[in-house]
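K.L.:
Following this message is one structure expressed as structure tokens.
The values are calculated or read from the model by the stated rules, or taken from the named source; none is laboratory data. Computed from a prediction, not measured in an experiment: that's the story for all the values here. All Cβ positions, even for glycine, are placed from backbone atoms using ideal geometry, and neighbour counts span all protein chains on display.
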Amino acid sequence: MGKVFLRYVSVGVINTLIHWAVFAIIFYGLDASQAVSNLLGFAVAVTFSFFVNARFTFSSDATAVRYLLYVAFMGALAATFGWLAELWALPPIVTLVLFSGVSLVCGFLYARFVVFSKEENAS
């Protein structure tokens, strides 16, 4: 599992850069809320992450069911962090750092044991 996690982390670094760039453009450039900026940054980055992780990390097929499972879970996580950041008036960088760390661990566990489980979701 260590090798798989390292692959997930390497994809996560690129995914994080994509997420942060989109977040910054939307938050600072379009003056949107952190919740909206985080959710849209996530939407762009998660698509990249899903397809690369399916192929490179988990050697699995990228099916519609798996995509929806992954996006729904990660989207709920992103929206929750954005909402909490607004509630607690966190600086945007804190939102991004917290979300990146938690989503790395939670996202890996969910992807490994739910989305890309060899026994489940094979369709």
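K.L.:
I need the full set of residues from the range 92-104 which are exposed (fewer than 15 other Cβ atoms within 10 Å of the Cβ) and in contact (Cβ under 8 Å) with a residue 12 or more places away in the chain, in order please. It would help to see each step written out before you state the result.
P.N.:
Quick first cut of the range 92-104, residues exposed (fewer than 15 other Cβ atoms within 10 Å of the Cβ) only: 93-94, 97-98, 101-102.
Selection gives L98, V102.
K.L.:
Cβ-Cβ distance below 9 Å, separation of 6 or more or different chains: which pairs start in the range 71-88 with a residue that is β-branched (V, I, T) and end on one that is surrounded by 14 or more Cβ atoms within 10 Å (Cβ to Cβ) and outside any loop (DSSP other than H, G, I, E, B)?
P.N.:
V71/F42; V71/A43; V71/V46; V71/T47; V71/F50
K.L.:
Which is more than 17 Å from the chain's Cα centre (by Cα) and under 15 Å from A111 (Cβ atoms), of T57, T63, T47? Walk me through it before giving the result.
P.N.:
Working: T57 fails: more than 17 Å from the chain's Cα centre (by Cα); T47 fails: more than 17 Å from the chain's Cα centre (by Cα).
After applying the criteria, what remains is T63.
K.L.:
Shifting gears a bit: Inside the range 23-47, can you point out the residues that are in a helix (DSSP H, G or I), surrounded by fewer than 20 Cβ atoms within 10 Å (Cβ to Cβ), modelled with pLDDT of 95 or more and not hydroxyl-bearing (S, T, Y)?
P.N.:
Residues satisfying the conditions are I25, G29.
K.L.:
Pick from A89, A111: which is surrounded by fewer than 12 Cβ atoms within 10 Å (Cβ to Cβ) and at pLDDT 90 or above? Please lay out each step first, then the result.
P.N.:
On the way: A111 fails: surrounded by fewer than 12 Cβ atoms within 10 Å (Cβ to Cβ).
Criteria check complete, one pass: A89.
K.L.:
Inside the range 105-116, can you point out the residues that are closer than 14 Å to G2 by Cα and in contact (Cβ under 8 Å) with a residue 60 or more places away in the chain?
P.N.:
Going through the range 105-116, the residues closer than 14 Å to G2 by Cα turn out to be 105, 108-109, 112.
Of everything in the range 105-116, those that are closer than 14 Å to G2 by Cα and in contact (Cβ under 8 Å) with a residue 60 or more places away in the chain turn out to be F108, R112.
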